[in-house]
């Protein structure tokens, strides 16, 4: 089997409002969890409790995701500021 090689460079990754997207998704999971709580007995009678706990798990994992993407965003901004500072200092060095 021949090894496949790319004919062109990969595109730059898309960067969007990652923190807002993860925060919004986490809120949706928690809202779904809270909306299902009044029907806990109905879900229990039909062996569908996993629906309730799936939403709780989505909200909990979303909190971890918010922590992660906020740290990532801060690191990207810090790196960009350092790169801009170095670029500004470079012409004056010579």
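Give just the number: which of (1) surrounded by 11 or more Cβ atoms within 10 Å (Cβ to Cβ); (2) at positive phi does residue 47 not satisfy? With respect to (1) surrounded by 11 or more Cβ atoms within 10 Å (Cβ to Cβ); (2) at positive phi, residue 47 is out only on (1).
For region 36-83, the tally of residues that are under 22 Å from residue 17 (Cα atoms) and over 22 Å from the mean Cα position of the chain (by Cα) stands at 3.
We did not get these values from a lab; they are worked out from the coordinates using the rules stated. Keep in mind that this is a model prediction, so the values were computed, not measured. When we count neighbours, we look across all protein chains shown, and the Cβ atoms used for this are built from the backbone with ideal geometry, even at glycine.
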